[in-house]
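Reviewing the structure listed below.
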Amino acid sequence: MRKGDRTVSRTGANVCDMKIIDEDCLTETLEFNSRFEMPVAPLEVLRRNRLGGHTPPVRLPQGQDRTVAGVKVRVFMPDHIDGVYLHIHGGGWSFGSADGQDERLWRLARETRLAVVSVEYRLAPEHPFPAAPDDCEAVARWLAEHAEAEFGTSRLLIGGESAGAHLSVLTLLRVPGVFRAANLVFGAYDLSTPKTERLQRTYELFTPGMTAEQRRDPAVSPLFADLTGLPPARIVVGAEDPLLDDSVALAGRWQAPVEFGVVAGAMHGFTLHPLTITERDRRREQDFLAGSVL
């Protein structure tokens, strides 16, 4: 355990030990939180800016736009490839895009020696559940069949942020035994009990017409699924994230080894901002992914 880390217990749907990390950065993190304003904009503006920021992100020439199994993907290939990381972006299932994090994904590909395949899944409300998980499943099955020929390796990893973490777990359940590890960053795993009005609206866009009980279906809320046989996971969430309890509960039910960390003072989506905790999480993510293909 790093200096400044501590382990505490939290009670909720499940009880799980969780490691509070990066407490030495708490002053910087809380100061940023006090200045940050969550973008409130029409959906078309959020989509134009691709991850809800004020300006569209940069598209790098290293990203290749492809279509596999009928689904658009964005691919980053470093010079040497040890494995393939299936990345699923966030954005509340209704915005975000495969090209919304080119700089981060290209850096990840270079520094972990992983080919990165990011899924351009269909978005709600035009394409509600199950369109997004169907698209992610299609790409996962394509990788299971074609990764060796396309990338020279069959070592597959999966992960994503927020809605992407949720879709990653659904993909693991739909395509068992394919992925070596899962990287799950501040995900939503129980869509039946939204913690805020904003989450309620988001869940309703993704699952229109469903009751809370219908959203408890494991096909929608993976927290209620049989998690036996899933691979080792890294689960990370901020201590000030309204989805904290989802990660605590999932980590408590995960059957395989879990690297679980709660970032002191961090809010939802903290990895999108230039903070010390973001750089530290990037290094931990790289260590986990690179180590998972050995």
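Under 15 Å from the mean Cα position of the chain (by Cα), of a type in the set (S, T, N, Q), at pLDDT 95 or above and surrounded by fewer than 20 Cβ atoms within 10 Å (Cβ to Cβ): does that describe Gln286? Answer is yes for this residue. Condition first: among the basic types (Lys, Arg) and part of a helix (DSSP H, G or I). Now tell me which residues in region 123-171 satisfy that. Listed by number, the list holds a single entry, Arg141.
None of Thr207, Thr193 is modelled with pLDDT under 95 and either hydroxyl-bearing (Ser, Thr, Tyr) or closer than 23 Å to Val258 by Cα (or both) except Thr193.
I'm trying to understand the selection: among the residues of region 254-277, which are surrounded by fewer than 19 Cβ atoms within 10 Å (Cβ to Cβ), modelled with pLDDT of 95 or more and in a helix (DSSP H, G or I)? The answer is Thr276, and nothing else. Can you find a residue that is in contact (Cβ under 8 Å) with a residue 24 or more places away in the chain and more than 20 Å from the chain's Cα centre (by Cα) anywhere in region 98-113? Within region 98-113, none of the residues are in contact (Cβ under 8 Å) with a residue 24 or more places away in the chain and more than 20 Å from the chain's Cα centre (by Cα). The single residue among Val71, Val117 that is surrounded by fewer than 24 Cβ atoms within 10 Å (Cβ to Cβ) and among the β-branched types (Val, Ile, Thr) turns out to be Val71.
Selection of region 9-56 for residues being at pLDDT below 80, assigned to a strand (DSSP E or B) and surrounded by 10 or more Cβ atoms within 10 Å (Cβ to Cβ) yields Arg10, Val15, Cys16, Asp17, Met18.
The set of residues in region 42-58 being touching a residue at least 60 places away in the same chain (Cβ under 8 Å) and of a type outside the set (Gly, Ala, Ser) consists of Arg47, Leu51.
Quick one: how many residues across region 81-90 are surrounded by 22 or more Cβ atoms within 10 Å (Cβ to Cβ) and either more than 10 Å from the chain's Cα centre (by Cα) or at positive phi (or both)? Here the count works out to 4. Pull up region 120-138, narrow it to residues that are of a type in the set (Asp, Glu) and touching a residue at least 24 places away in the same chain (Cβ under 8 Å), then point me to the one that is surrounded by the most Cβ atoms within 10 Å (Cβ to Cβ). If we take residues in region 120-138 being of a type in the set (Asp, Glu) and touching a residue at least 24 places away in the same chain (Cβ under 8 Å), then Asp135 is surrounded by the most Cβ atoms within 10 Å (Cβ to Cβ). Contact map, region 21-41: residues that are in contact (Cβ under 8 Å) with a residue 60 or more places away in the chain paired with residues that are polar (S, T, N, Q), Cβ distance under 6 Å, separation 6+ or inter-chain. Pairs shown: Cys25/Thr276; Glu28/Thr276. Screening region 89-122 for residues that are of a type in the set (S, T, N, Q) and part of a loop (DSSP other than H, G, I, E, B) and picking the one that is farthest from Leu157 (Cα to Cα) gives Ser94.
Results for (1) crowded, with 17+ Cβ neighbours inside 10 Å; (2) aliphatic (A, V, I, L, M); (3) not in a loop (DSSP other than H, G, I, E, B), shown as yes or no for each residue.
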site	(1), (2), (3)
Gly177	no, no, no
Arg180	no, no, no
Asn183	yes, no, yes
Gly187	yes, no, no
Lys195	no, no, no
Glu213	no, no, yes
Ala219	no, yes, no
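Filtered by the rule that a residue be free of Cβ contacts under 8 Å to residues at least 60 places away in the same chain and either in contact with a His (Cβ under 8 Å, 6 or more places away or on another chain) or polar (S, T, N, Q) (or both), region 192-236 gives Ser192, Thr193, Thr196, Gln200, Thr211, Gln214, Ser221, Pro222, Thr228.
Kindly indicate whether any position in region 68-80 is on the phi > 0 side of the Ramachandran plot, more than 18 Å from the chain's Cα centre (by Cα) and assigned to a loop (DSSP other than H, G, I, E, B). So far as region 68-80 goes, yes, one or more of its residues are on the phi > 0 side of the Ramachandran plot, more than 18 Å from the chain's Cα centre (by Cα) and assigned to a loop (DSSP other than H, G, I, E, B).
The numbered conditions (1) in contact (Cβ under 8 Å) with a residue 60 or more places away in the chain; (2) farther than 18 Å from Glu137 by Cβ are all true for Phe179 except (2).
The values are calculated or read from the model by the stated rules, or taken from the named source; none is laboratory data. All values derive from a computational prediction rather than experimental measurement. Cβ coordinates were reconstructed from backbone atoms using ideal geometry, including for glycine residues, and neighbour counts include every protein chain displayed.
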